[in-house]
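S.K.: Got a structure for you, written out below as structure tokens; questions coming shortly.
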Amino acid sequence: MSLLECVGLTKKWGGVAAVSDVDISVASGEVVALIGPNGAGKSTVFNLIAGATKKTAGTVSFRGERVEHLAAHALARRGLSRTYQITCLYPDLTTVENVRLTIQARESSRMNPIPSRAMLARTTDEAMHWLGQVRLQRHAASPAGVLSHGDQRLLEIATALALNPKLVLLDEPTQGMSLDETRGTVELLHSLLQGSEMAVLLVEHDLEVVFGLAHRIVVLDRGRKIADGSPDEVKASPAVQQAYLGVGHAAS
């Protein structure tokens, strides 16, 4: 049984179908990339899965449970976390506080307005662990808003991982990074995921990132799925070549 199973996902805005009858599955430990030209429907699919947008039709099952009716916070408590295309952090809080708040949100005592000293100490230690995983421990006391763009993207990955998810939705994690930052992030993600049971569904425009991380690639074009296979199978697909390069062109 797949960890995530989406069947017939459809979203219409009036008479316009942003996503039409899309099926996607992700197994435990699998990295699946969702790619396609601009306007293909990738972000809409992400938002349908993450509970940010209501579907027109279709089903979303996570860990064997139908979840398309659940809001994002309920999905997070079931083990599904995400990052955003536009960095979403608390810029005036320190780097460690951003991660610590995510950890505290997992706790049964999260509604307590005054956390105990023991809870603060424990969640701070765990937050430092996750900052170490993305190589940001040296910035623990710095406000998130003063970090470089690349480090802010890494901090958002740390906050997503701090939920201890079964599945992470990564929405263009290297967007706006330099070439060196992008390569460093790919190496970091590859090392974090190696041997892990955590699954990843990745939206990314940079195909070097996609081919460096993904076990399987799903391709959308104008809201419909046109390919689903290994990186080599997707590279060789005439439908994918046409979607990216136009009729009559071959892939380089």
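The values are calculated or read from the model by the stated rules, or taken from the named source; none is laboratory data. Computed from a prediction, not measured in an experiment: that's the story for all the values here. Surface accessibility is based on the protein's heavy atoms, side chains included, excluding ligands, DNA and RNA. Shrake-Rupley method; radii C 1.70, N 1.55, O 1.52, S 1.80 Å.
S.K.: Could you work out how far the C-alpha centroid of region 61-108 sits from that of region 179-236, in angstrom?
M.R.: 22 Å
S.K.: Just subtract the alpha-carbon distance of A121 and K54 from 0.36 nm times their residue separation and send over the number in nm, one decimal. Please list the in-between numbers first.
M.R.: Numbers: separation 67, 0.36 × 67 = 24.12 nm, distance 3.88 nm.
Length gained, A121 through K54: 20.2 nm.
S.K.: So how do R78, R135, R100 rank on accessible area, 1.4 Å probe, biggest first, that is with the largest at the start?
M.R.: Values: R78 85, R135 135, R100 55 Å².
The ranking, largest first, comes out as R135, R78, R100.
S.K.: Which links in K12/K225; K42/K225; K166/K225; K11/K42 stretch past 21 Å when you go from one Cα to the other? All intermediate terms of the calculation are to be shown ahead of the outcome.
M.R.: Values: K12/K225 16 Å; K42/K225 10 Å; K166/K225 25 Å; K11/K42 12 Å.
The pairs that break the limit, which is 21 Å between Cα atoms, are K166/K225.
S.K.: Return the single residue from A239, A162, A40 with maximal mean-square fluctuation; model: Gaussian network over the chain, springs between Cα atoms under 10 Å.
M.R.: A239
S.K.: Something else: Using a 1.4 Å probe, how large is the accessible area of K235, given in Å² and rounded to the nearest 10?
M.R.: Ignoring ligands and nucleic acids, K235 comes out at about 110 Å².
S.K.: Right, another one. How high is the relative contact order of the chain, in percent, counting Cα pairs under 8 Å that sit 6 or more residues apart?
M.R.: 27 percent
S.K.: With every protein chain left in place and a probe of 1.4 Å, what is the accessible surface of L93, to the nearest 10 Å²?
M.R.: 60 Å²
S.K.: Which of Q133, Q242, Q175 moves the most in a Gaussian network model of the chain with Cα springs under 10 Å?
M.R.: Ranking Q133, Q242, Q175 by mean-square fluctuation puts Q242 first.
S.K.: Next question. Just the number, please: percent antiparallel of the DSSP beta bridges in the chain, rounded to the nearest 5. Before the final figure, lay out the partial values.
M.R.: Values: 20 of 36 bridges.
Rounded to the nearest five, the antiparallel share is 55 percent.
S.K.: Taking all pairs of distinct Cα atoms, average 1/r, flip it, and tell me the Kirkwood hydrodynamic radius of the chain in Å to one decimal place.
M.R.: Kirkwood radius, the chain: 19.0 Å.
S.K.: If I ignore ligands, DNA and RNA and count only protein heavy atoms, how much of M177 is accessible to a 1.4 Å probe, in Å² to the nearest 10?
M.R.: 30 Å²
S.K.: So what is the accessible area of the chain per residue, in Å², with the probe set to 1.4 Å?
M.R.: Per residue, the chain has an accessible area of 49 Å².
S.K.: A further question follows. Can you give me the Kirkwood hydrodynamic radius for region 1-115, using every pair of distinct Cα atoms, in Å to one decimal?
M.R.: Evaluated on region 1-115, it is 16.0 Å.
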